[in-house]
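This report refers to the structure that appears directly beneath it.
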Amino acid sequence: MFQRLDDPSADDVSFTFDGQQLQARQGENLAAALIAAGVVSTRSTPVSGAPRGPFCMMGACYDCVVEINGETVQACMTAVTDGLQVQRVTGGVDD
Amino acid sequence: MTEVDLIILGAGPAGMTAARTAAEGGATVLLIDEQTSPGGQIYRSIQNVSDQRAAILGPDYGQGRPLAEALDHSNISVDYAATVWRVDEDGSVVYSIGGQARQAKGRHLIVATGALERPTPVPGWTLPGVMTAGAAQILLKSSGIVPERAVLAGAGPLLYLIACQLITAGFPPALLVETQTRGNFFKALKYLPGALRAWPYINKGREMLRQISEAGVPRYTGAKDIVIAGDGCVAGIAFTVAGRRYDIACETVLLHSGVVPNTQITRSLRLDHDWDDRQLCFYPRTDDWGVTSNPVVSVAGDGAGIGGATAANLGGKLAALGALKALGKIDATARDAKAVPLRAALSRETAIRPFLDTLYRPADDLRKPADDVVICRCEEVVAGDIRRYAKLGCTGPNQAKAFGRSGMGPCQGRYCGLTVTEILAEANGLPPSDVGYYHIRSPLKPVSLGELASLADDNNHEE
């Protein structure tokens, strides 16, 4: 588990991951927000269906890809906004 | 299309100091970075951290603040949140911001894209809950998020730094599993006299080890046969020290085996690269000013040679002086005079590297793992696949792509390239320099058809 050093009550926006409502900070890194909310696995691989989660946090590994508005994006390169709807990627990671 | 004297890719220490130095020398500079604010990974979020977080991260981290503030100069424009997906040999760059593609051309180009963590392929390293040690630092810097009772595994000073930062934050790691052996230590001893020129680093290292010891965090050194176990996510880590097997429950494992130059852009430009046997990676070949085999392209910072943030700061200034000379903004005499103190400082700064590289040299079985270990995370290719391709006559990484797709996933070989090179080198009895590396082509990062189409719009507006 991961913990926030800053006051957790400062979470001011909500977003959804596969329909589950989660709290975060406006503009926060989406991968960080998912980790802080206790989401460990964020996708499954196209080859074997193995679960994966954020790995490098710097936009290099593509293990944290998620789907937003039908587009595959890197969660660690995306900012959280209020009402953001995020889906788990379970197929190919290319568009 | 934007046209400037100098385009700099990457706003870490090298890119930031290069930008300021070039701007002061009269060059117009466009600095491009993937993140939303300056600092690179080492000074990530330097302009946005709370005082509490800055205190945890320590004074070295704080050194990034003046570098970021120095970007405020009339000759410098910065594009943040920009994904560079094509760089051409004439110094032109194609990148996207918010899904919109743009083009820019520099008379000179400095690549300051830093380092990536060397992959640490152990069984279970693809499980959710395993991250790079650098990723945990980014979580701390950018979001103030810390792991509870993490296990830190691998080798290198970054493990100690993160351990100390987590201890200071009140979330000490459960333990450190370190792969360096007494043999490493004895081999490194001969470099100790040279390393003493960089004595502040030796002192910092001793201080970090003291803090870890005082916090009661156990360190296991000489660890072998590391296995991360779990069904769906990390449940524990097992390893052997001095013949005894340890099996420890945990939820988070942070891996680290040092950092290696990020050569995606320099490879895509087909620049000359050399294998470094001590640092076990490829570097773009550069002269004293960071200029590569293409005279309009320079490399500065860790991308030109792993030396850390302060060395990158100095390297950025040197590369900018070289660029100013190439641009006709200063003459050779002025350039050389300004470089003298920088080179002296750089020599002191990098004096510790041979000692550190030898002491924390990643073990053979981490670079060339057992057959059943996944080495290409994207395409889930295992080490045994690469050895099988070698038996079938595969001599190089590019052929390996055709045999089984290693390096062809979205990360484009960033986390398997060196492993594939070293496995093929061993299997074919060749030096890594002869085996070579993947051909890297644009797009350097996956790009949507919409972004490609927006490039046509960008061009039309120009006409």
* Among what's in region B:135-152 and is touching a helix residue (DSSP H, G or I) at 6+ places or on another chain (Cβ under 8 Å) and more than 7 Å from chain A (Cβ to nearest Cβ), pick the residue that is surrounded by the fewest Cβ atoms within 10 Å (Cβ to Cβ). => B:Gln137
* Asked: Taking the stated definitions as given, is B:Gly407 within 14 Å of another protein chain (Cβ to nearest Cβ) and in contact (Cβ under 8 Å) with a residue 12 or more places away in the chain?
  -> yes
* Asked: In the list B:Arg149, B:Arg118, B:Arg107, which residue meets the criterion of being closer than 15 Å to B:Arg377 by Cα and of a type outside the set (Phe, Trp, Tyr)?
  -> B:Arg118
* To do: Answer yes or no: is there a residue in region B:103-114 that is of a type outside the set (A, V, I, L, M), within 14 Å of chain A (Cβ to nearest Cβ) and closer than 27 Å to A:Ala79 by Cα.
  => yes
* So is B:Gly450 in contact (Cβ under 8 Å) with a residue 40 or more places away in the chain and either under 23 Å from the mean Cα position of the chain (by Cα) or part of a helix (DSSP H, G or I) (or both) or not? -> yes
* For B:Gly26, are the conditions met, namely being more than 22 Å from the chain's Cα centre (by Cα), assigned to a loop (DSSP other than H, G, I, E, B), outside the structural domain of B:Ala136 (by TED's automatic domain parsing) and under 28 Å from B:Leu109 (Cα atoms)? -> yes
* Asked: What strands (runs of 3 or more DSSP E), lying completely within region B:73-135, carry at least 2 residues that are under 21 Å from B:Val299 (Cβ atoms), in contact with a strand residue (DSSP E or B) (Cβ under 8 Å, 6 or more places away or on another chain) and modelled with pLDDT of 95 or more?
  -> B:76-79, B:82-87, B:92-97, B:100-111, B:115-117
* Structure fact -> Taking region B:212-245 and keeping residues more than 27 Å from A:Met1 (Cβ to Cβ), in a loop (DSSP other than H, G, I, E, B) and free of Cβ contacts under 8 Å to residues at least 40 places away in the same chain leaves B:Ala242, B:Gly243
* Structure fact -> Restricted to region A:79-95 and to residues being surrounded by 18 or more Cβ atoms within 10 Å (Cβ to Cβ) and touching a helix residue (DSSP H, G or I) at 6+ places or on another chain (Cβ under 8 Å), the residue nearest to the other protein chains (Cβ to nearest Cβ) is A:Val80
* Structure fact -> A:Val47: passes all of (1) free of Cβ contacts under 8 Å to residues at least 12 places away in the same chain; (2) more than 10 Å from chain B (Cβ to nearest Cβ) but (2)
* Asked: Which of the residues that make up region B:153-182 are away from chain A (no Cβ under 11 Å), in a loop (DSSP other than H, G, I, E, B) and in contact with a helix residue (DSSP H, G or I) (Cβ under 9 Å, 6 or more places away or on another chain)?
  -> B:Ala155, B:Gly156, B:Pro172, B:Pro173, B:Thr179, B:Gln180
* Find all pairs meeting these conditions: Cβ atoms under 6 angstrom apart; at least six residues apart or on different chains; first residue within region A:52-66 and without any contact (Cβ under 8 Å) to a residue 60 or more places away in the chain and within 17 Å of B:Asn262 (Cα to Cα); second residue among the β-branched types (Val, Ile, Thr) and not in a loop (DSSP other than H, G, I, E, B). => A:Cys56/B:Thr132; A:Met57/B:Ile138
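Using the structure shown, decide if A:Val40 is of a type in the set (A, V, I, L, M, F, W, C) and crowded, with 19+ Cβ neighbours inside 10 Å.
Criteria met by A:Val40.
The values are calculated or read from the model by the stated rules, or taken from the named source; none is laboratory data. Quantities reported herein were computed from a predicted structural model and do not represent experimental measurements. Note that we place each Cβ from the backbone using ideal geometry, even for glycine, and neighbour counts take in every protein chain shown.
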